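J.: If you scroll down you'll find the structure; I have some questions about it.
The values are calculated or read from the model by the stated rules, or taken from the named source; none is laboratory data. Predicted model only: the values in this text are computed from it and were never measured. Positions of Cβ are generated from backbone atoms using ideal geometry, with glycine treated the same way; all protein chains shown enter the neighbour counts.
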Amino acid sequence: MMSNLQNMPQATPETVWAILQEVAQTQKETDRRMQETDRRLQETDRIMKELQKSVGGISDNQGKFAEEYFFNSFEKGKTNFFGEKFDEISKQLKTRRQGIEDEFDIVLYNHSSVAIIEVKYKAHTKDIPTVLKKAETFRFLFPEYKDFKIYLGFASMSFYPELEQECIEQGIAVIKQVGDNVVINDKNLKVF
């Protein structure tokens, strides 16, 4: 081992200074590259946020279109369903009480019943628990309707057979667009 140490050149102030300058230059280059990487990451983050906003805007527009479509269908006198006639209609009914907040897309009323319609542009089975919860939160948020019969409906521009069957099994009316018509399947509808 001694022979290896003997073969090493002697460190002089000049060689130490040269090594330190080389390390400093390497560190400057590393810092510059890190700043460039950080700048690129910030730009990528900005682009991603803009893209999310655009995609969210498209999704919001589709949802608003579906809500407006079904609301207009109900408003134009197609309020005889669930075996009842409804006299009043509200849309995007939103309220808060004791820290609980909810929004109801379409609500139909008469003297003894309320029909709550959840609207999605494209419905999914994962939405069913949300639909089922609407009856409970509506009764809490609007205690003046506590003794009313509550019906639930799920309206969408697109239903797949498994989703439609699950709604029927849960006692939820299926409301969908078929051509230019709104079709309501309230087979097995239950009062909530």
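J.: Can you pull out the residues in region 116-129 that are loosely packed, with under 14 Cβ neighbours inside 10 Å and of a type in the set (Val, Ile, Thr)?
T.: THR125
J.: Hey, another quick one. Those residues that are of a type in the set (Val, Ile, Thr) and either on the phi > 0 side of the Ramachandran plot or in contact with a strand residue (DSSP E or B) (Cβ under 6 Å, 6 or more places away or on another chain) (or both), I need them from region 107-165; list them, please.
T.: Answer for region 107-165, where residues must be of a type in the set (Val, Ile, Thr) and either on the phi > 0 side of the Ramachandran plot or in contact with a strand residue (DSSP E or B) (Cβ under 6 Å, 6 or more places away or on another chain) (or both): VAL107, VAL114, ILE116, ILE117, VAL119, VAL131, THR137, ILE150.
J.: Right, something else. Does region 166-188 hold any residues that are assigned to a strand (DSSP E or B) and touching a residue at least 12 places away in the same chain (Cβ under 8 Å), and which are they?
T.: ALA173, VAL174, ILE175, LYS176, GLN177, VAL182, ILE184, ASN185
J.: Of all residues in region 136-165, how many are surrounded by fewer than 16 Cβ atoms within 10 Å (Cβ to Cβ) and part of a helix (DSSP H, G or I)?
T.: Qualifying residue count, region 136-165: 7.
J.: Suppose we keep only residues that are of a type in the set (A, V, I, L, M, F, W, C) and either touching a Cys at 6+ places or on another chain (Cβ under 9 Å) or part of a helix (DSSP H, G or I) (or both) within region 1-18. Which one would you say is modelled with the lowest pLDDT?
T.: Going through the qualifying residues, I end up with MET2.
J.: Next question, about the same structure. Is it the case that some residue within region 41-52 is at pLDDT 80 or above and more than 21 Å from PHE154 (Cβ to Cβ)?
T.: yes
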